[in-house]
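The values are calculated or read from the model by the stated rules, or taken from the named source; none is laboratory data. Quick caveat: nothing in here was measured; it's all calculated off a predicted structure. Don't worry about glycine lacking a Cβ; one is built from the backbone with ideal geometry, like all the others, and counts go over all protein chains shown.
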């Protein structure tokens, strides 16, 4: 087993002990909300989610902004990947959140190493987004 595989396994064990009570699943995706999501979302509001996609543990921040951008950050190769997604949305339900996370997976998750990059994105049509 590689060092990275051991680290991923350790991250998952730590995550499942701390979180897991309020998670919901869609296939291999496990999503745990860090904040409670209100019914109405204003511009500038942001929400954090821990995502386990079967291999990696990701921290995703969704921020309601008119300009659509995605930022990837991993300060060290052993750290979890932090993804900040900015786009215009006004409500978040579980099915919409699952579609957004699957869309982020389709955009591509950087593999290893130290990462600090950002780019503009095109937001797919999602109801309520």
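The figures follow:
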| quantity | calculated |
| --- | --- |
| Count - residues of the range 50-70 that are within 13 Å of the chain's Cα centre (by Cα) and either in a strand (DSSP E or B) or within 17 Å of residue 35 (Cα to Cα) (or both) | 11 |
| Residues within the range 42-57 that are out of contact with any helix residue (DSSP H, G or I) (no Cβ under 8 Å at 6 or more places or on another chain) and crowded, with 18+ Cβ neighbours inside 10 Å, tallied | 1 |
| Any chance residue 97 is crowded, with 17+ Cβ neighbours inside 10 Å and modelled with pLDDT under 85 | no |
| Failed item in (1) over 16 Å from the mean Cα position of the chain (by Cα); (2) modelled with pLDDT of 75 or more, with residue 126 passing the rest | (2) |
| Residues of the range 31-49 satisfying the condition of being within 12 Å of the chain's Cα centre (by Cα), without any contact (Cβ under 8 Å) to a residue 24 or more places away in the chain and either closer than 15 Å to residue 109 by Cβ or part of a loop (DSSP other than H, G, I, E, B) (or both) | 34 |
| Residue check for residue 114: at pLDDT below 75 and either exposed (fewer than 15 other Cβ atoms within 10 Å of the Cβ) or under 18 Å from residue 44 (Cα atoms) (or both) | yes |
| Residue ID - modelled with the lowest pLDDT, chosen from residues in the range 100-111 that are surrounded by fewer than 12 Cβ atoms within 10 Å (Cβ to Cβ) and outside any helix (DSSP H, G or I) | 111 |
| Subset of the range 73-90 that is in a strand (DSSP E or B) and either closer than 15 Å to residue 101 by Cβ or over 14 Å from the mean Cα position of the chain (by Cα) (or both) - its residue that is modelled with the lowest pLDDT | 81 |
| Residue list for the range 58-78, restricted to those being without any contact (Cβ under 8 Å) to a residue 40 or more places away in the chain, out of contact with any helix residue (DSSP H, G or I) (no Cβ under 9 Å at 6 or more places or on another chain) and surrounded by 15 or more Cβ atoms within 10 Å (Cβ to Cβ) | 59, 61, 63, 64, 65 |
| Where residue 91 falls short, out of the listed (1) farther than 18 Å from residue 121 by Cα; (2) without any contact (Cβ under 8 Å) to a residue 60 or more places away in the chain; (3) surrounded by 13 or more Cβ atoms within 10 Å (Cβ to Cβ); (4) touching a strand residue (DSSP E or B) at 6+ places or on another chain (Cβ under 9 Å) | (4) |
